[in-house]
Each structure stands twice: as C-alpha cells, then as structure tokens.
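The values are calculated or read from the model by the stated rules, or taken from the named source; none is laboratory data. What you are looking at is a predicted structure, and each value in this text was computed from that prediction instead of being measured. SASA here: full protein model, heavy atoms, side chains in, ligands and nucleic acids out. Shrake-Rupley method; radii C 1.70, N 1.55, O 1.52, S 1.80 Å.
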Amino acid sequence: MKLVKGDIIRNPWVSDPKWRDLIFIRRGKKYVHTLRSNRGLIEDAMFDKKDVDERFTKVGHSVGFDTMLREVSGEEAEK
C-alpha cells in the first residue's frame, strides 16, 4: 500500500472506533511508524510492515496533520 505522511490507516484487529484509526508517519526497514491518540495524549505506535501492507486499509488523509507539519517546518500555510 502506498502511504504518505498524514494518511489515516485502520487497524483491522481493533473494533473500538477510538483506537483503530492511526496516522501514518513513516515506513522503516521492518516497521511502519504511526501516531495514535491515547486518552488525549499522542503516542508513537509501530506495526510490522507486512501486516500493514496485507491487512490495514487506508481510510483518508489528515488535513490537520499537514497543517501541523507546515507550522513546525516554518512553511507558510496555503490560503
């Protein structure tokens, strides 16, 4: 599956809607790095690349994540 930073992916093994959607950050050598919300805190979660490619589904893209990246990098936001 082709993913870009900020894509929202769904974990098929989790049924609770609060916990199943993750924001993709990067693809490493063995793992896919994501962000997830845990009781209001944002934490890093890693999943095996094979599992992500075979089982997870892409459900959208986080526009807020793109805005946050632009602000952190110092780029001017699009109007």
Practice problem: Determine ³J(HN,Hα), in whole Hz, for all residues of the range 10-16 in sequence, where each value follows from phi through the Karplus function 6.51 cos²θ - 1.76 cosθ + 1.60 and θ = phi - 60°; x replaces Gly and Pro. | Solution: 10, 7, x, 8, 10, 8, 6
Quiz item: Long-range amide H contacts for residue 62: which residues qualify at under 5 Å (H placed 1.01 Å from N, peptide plane, sequence gap of 5 or more or a different chain)?
Solution: 7, 8
Self-check item: Degrees separating the helix 63-73 axis from the principal Cα axis of the chain, which is the longest one
Solution: 60
Quiz item: Which lysines have a Cα less than 24 Å from the Cα of residue 49, not counting those fewer than 8 places away in the same chain?
Solution: 2, 5, 18, 29, 30, 58
Quiz prompt | Label selected from (1) 22, 15, 12; (2) 39, 13, 11; (3) 26, 15, 10, the criterion being semi-axes √(5λ) of the Cα gyration tensor in Å as computed here | solution = (1)
Quiz item: Which percent of the accessible heavy-atom area of the range 1-51 goes to carbon and sulfur, probe 1.4 angstrom?
Solution: 53
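How much length is gained on full extension from residue 15 to residue 39, taking 0.36 nm per residue of separation minus their Cα-Cα distance? Walk me through the numbers on the way to the answer.
Working: separation 24, 0.36 × 24 = 8.64 nm, distance 1.68 nm.
That pair, residue 15 and residue 39, stretches by 7.0 nm at full extension.
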